[in-house]
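Only one structure is covered here, and it is reproduced in the block below.
The values are calculated or read from the model by the stated rules, or taken from the named source; none is laboratory data. Please read these numbers as outputs of a predicted model, since none were measured by experiment. We place every Cβ from the backbone using ideal geometry, glycine too, and count neighbours over all the protein chains shown.
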Amino acid sequence: MSTDREHAIARKGRHIGLVIAVTMVAWLALTLFIGPALELPGRFALLFDFAALAGLIYAVINIFQLWRMRQDSQR
């Protein structure tokens, strides 16, 4: 496996981890602390849930791409 490919795989893995971590922290902060502090209606909680779901779907797609990159590099 080439060094450039190893670096690309590692960079993509860090990116995925960062996306998941930021998504979950933002979701928890918005639904548990910021939303109630601003007295937002309950429908905003659903909006925050959908935004978090979109972020996690993006992460799953990238995990699949990472898996494919690793499969191709082993051949």
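Across region 23-47, the qualifying residues are those that are under 28 Å from Asn62 (Cα atoms) and aromatic (Phe, Trp, Tyr), and the one among them that is surrounded by the most Cβ atoms within 10 Å (Cβ to Cβ) is Trp27.
So which residues in region 14-59 are closer than 30 Å to Gln71 by Cα and either of a type in the set (Val, Ile, Thr) or more than 11 Å from the chain's Cα centre (by Cα) (or both), if there are any at all? Scanning region 14-59 gives Ile16, Val19, Ile20, Val22, Thr23, Ile57.
Checked against the criterion of being modelled with pLDDT of 95 or more and exposed (fewer than 13 other Cβ atoms within 10 Å of the Cβ), the candidates Ile61, Ile20 yield just one match: Ile61. When each of Ile34, Ile63, Ile9, Ile16 is tested for being β-branched (Val, Ile, Thr) and free of Cβ contacts under 8 Å to residues at least 24 places away in the same chain, the lone residue that passes is Ile34.
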